[in-house]
1. By how many degrees, between 0 and 90 and to the nearest 10, does the Cα long axis of helix 205-214 differ from the longest principal axis of the chain?
2. What accessible area per residue, rounded to a whole number of Å², is obtained for the range 115-166 using a probe radius of 1.4 Å?
3. May I ask for the percentage of alpha-carbon pairs in the range 347-424 that lie more than 21 Å from each other?
4. Give me the number: length gained by fully extending Lys587 to Leu298, i.e. 0.36 nm times residue separation minus the C-alpha to C-alpha distance, one decimal in nm.
5. Keeping the other protein chains in place, figure out the carbon and sulfur percent of the accessible area of the range 151-264, with a 1.4 Å probe.
6. Could you report the range 183-340's accessible area per residue, 1.4 Å probe, as an integer in Å²?
7. Hey, rough spin-label estimate for Phe159 and Asp87, points 7 angstrom out along Cα→Cβ, what's it come to in nanometres?
8. To the nearest whole percent, what portion of all C-alpha pairs in the chain is separated by more than 35 angstrom?
Amino acid sequence: MLVVYANSNQQWNSTHQTLLLLQKCKTSNDVNQIHARMITSGFIKNTNFTSKVITTLSSSPYTPLVEFARYVFFARHAFRMRKKREDPYLWNAIIKSYSHGIEPKQALIVFCLMLEIGVCVDKFSLSLVLKACSRMGLVKEGMQIHGLLRKMELGSYLFLQNCLIGLYVKCGCLEFARQLFDRMPTRDSVSFNSMIDGYVKCGYIDSARELFDCMPTKEKNLISWNSMISGYAKLGEGFESAWELFEKMPERDLISWNSMIDGCVKCGKMSDAQALFKRMPKRDVVSWANMIDGYAKLGRLDLARALFDKMPGRDVIACNAMMGGYVQNGYCKEALEIFHDMQCESDLCPNDTSLLIVLSAIAQLGHVDKGIAIHCYLAKNEFPLNGKHGVALIDMYSKCGSIEDAISVFEDIKGKNVDHWNAMINGLAIHGLGELAFDLLMEMERLSIEPDDITFIGVLNACGHAGLVKEGLLCFELMRRIHQLEPKLQHYGCMVDILGRAGHIEEARNFIDDMPIEPNDVIWRSLLSACKNHNNLNVGEPVAERLIGMDSSNSSSYVLLSNMFAGHSMWNDVRRVRTMMKERNLKKIPGCSWIELEGIVHEFFVQNKSHLQVGEIYSTLDNPGTPSSLVTPCN
């Protein structure tokens with residue numbers, strides 16, 4: 001199409017017109033057509049023209065044009081005879097296209113090629129390759145460039161020194177960065193800001209403040225102030241310091257206001273956040289999303305939703321904040337409604353976070369059909385499953401009762417990490433498949449995949465549900481002795497549960513006594529539940545009394561103790577415990593079950609008859625011999 005247009009307007013008579021036409025290309029096909037005409041017209045042999053093609057197109061936002069610039073460079077310029085000390089500006093243009101693009105490692109390769117064939121590198125070549133090393137975290141290669149820079153006596157350039165500081169900070173080598181900073185004869189705001197930002201991101205807020213305070217006033221800018229405020233705001237104990245700096249700022253931008261609001265949200269100071277929100281001269285979507293997130297974390301979904309509905313222009317960040325708030329507070333249906341609205345909006349496209357939130361909501365609701373739809377969406381849009389999406393899918397299918405689909409997703413993932421294995425092990429634990437979970441742990445050992453503490457919690461849980469005492473003990477020792485992982489409270493709790501479920505009450509009691517850390521109420525309640533199930537009043541009664549002393553407002557300890565007394569026909573003690581519950585105004589929390597039928601989740605509480613079809617349900621239960629063909633579904 002472009003060639004026809006060019007022919008009709010006779011635009012092939014000059015290299016200038018050809019370059020203008022090239023810049024209008026957006027696809028490889030367009031570029032190939034013009035490339036063919038450049039060959040037939042002989043323009044491709046014009047060195048000045050091809051140099052302009054390289055410098056102009058190498059910075060284009062369109063990938064086909066950048067790739068064409070690189071092709072022309074390597075085909076026509078890289079390996080030709082050159083003058084001594086020739087300006088490497090074309091090499092720098094190509095290096096920049098890589099260092100600022102999606103393949104920064106190629107910048108290092110091109111730079112090495114320059115050195116290999118004797119092209120003179122300059123300060124710009126060095127700055128560009130340092131940026132590439134910084135982006136990839138290549139500290140070793142960066143140090144080699146540092147050495148070359150000193151050898152070439154280019155180390156006195158301030159912007160190169162700043163590039164080196166940025167590299168070391170990005171790679172977490174703060175000591176190297178500080179040594180370089182301290183030796184600099186001259187520093188500017190970039191030097192100070194890079195060091196301050198590095199200290200803040202690594203949690204050294206006092207070192208950052210020390211530099212900030214000794215920074216010349218003329219060098220302090222918004223970046224300096226915002227880095228310090230952001231650093232303090234992230235620390236609970238640093239909120240007052242953040243506020244103090246915020247009030248002293250000579251000027252503020254959106255980042256300043258949003259950092260303070262974020263600090264208020266993290267500290268739960270929503271009244272202060274609201275005051276700041278009202279004072280803001282200008283708001284963006286981050287401001288609104290922070291406020292929505294803050295109210296949601298406090299359980300004030302009414303205020304969060306009111307802000308969400310009032311927003312002048314919602315984007316995916318705001319939708320994620322509202323969906324996340326709903327899911328955190330158990331309102332998963334409402335989260336799915338927002339996701340559905342997002343899909344209906346032409347300008348709103350769900351991102352990675354949106355999909356993770358919605359998969360979590362589906363997992364909690366047990367809506368496997370909706371989960372399958374999201375799985376199809378991920379596949380259609382070519383989302384990789386070797387990251388968080390794969391983990392979320394395995395978790396969703398497991399919690400929705402479709403363990404076969406979870407296993408299928410797990411087996412299809414290439415390059416699984418420990419999170420995928422953990423999700424699968426936990427899924428098997430939920431379904432009582434303890435032997436398979438233990439086998440997965442053994443498979444991890446065979447493949448030399450290092451398990452973490454979550455892995456062992458999942459396997460121990462699975463062993464507990466499946467009654468695998470020997471495997472559970474082996475797993476616990478494997479964690480401690482082979483992998484050198486210090487057991488946490490959850491691991492000890494799992495072991496007590498394993499022993500208790502298997503009826504080893506005395507061993508479970510002794511295990512608690514030997515724990516190096518203080519057991520919590522969950523561990524004691526696990527033992528008490530085992531005592532009740534195995535009718536062991538001797539251990540159970542003192543455990544119950546201990547639990548009541550720890551938390552007198554929790555009804556479950558009273559109920560378990562009362563049931564144990566009833567099991568031994570100790571009715572006076574039953575009355576005594578029930579009287580204590582009445583005096584303390586405690587009631588047993590009723591059990592609850594969910595059943596999904598034809599896409600609708602039905603909820604049932606113990607002794608609750610509010611379901612619309614309760615008559616039919618009880619009638620069916622009272623007549624277990626009723627043929628299945630006569631049972632009508634709950635529509």
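The values are calculated or read from the model by the stated rules, or taken from the named source; none is laboratory data. Keep in mind the model is a prediction, meaning the values are calculated, not measured. Quick reminder, even Gly has a Cβ in these numbers, built from the backbone with ideal geometry, and neighbours come from all protein chains shown. Note: accessible area is taken over every heavy atom of the protein model, side chains too, but ligands, DNA and RNA are not part of it. Shrake-Rupley method; radii C 1.70, N 1.55, O 1.52, S 1.80 Å.
1. The angle comes out near 40 degrees.
2. Per residue, the range 115-166 has an accessible area of 50 Å².
3. 17 percent
4. 101.4 nm
5. 51 percent
6. I get 48 Å² per residue for the range 183-340.
7. 1.5 nm
8. Roughly 65 percent, rounded to a whole number.
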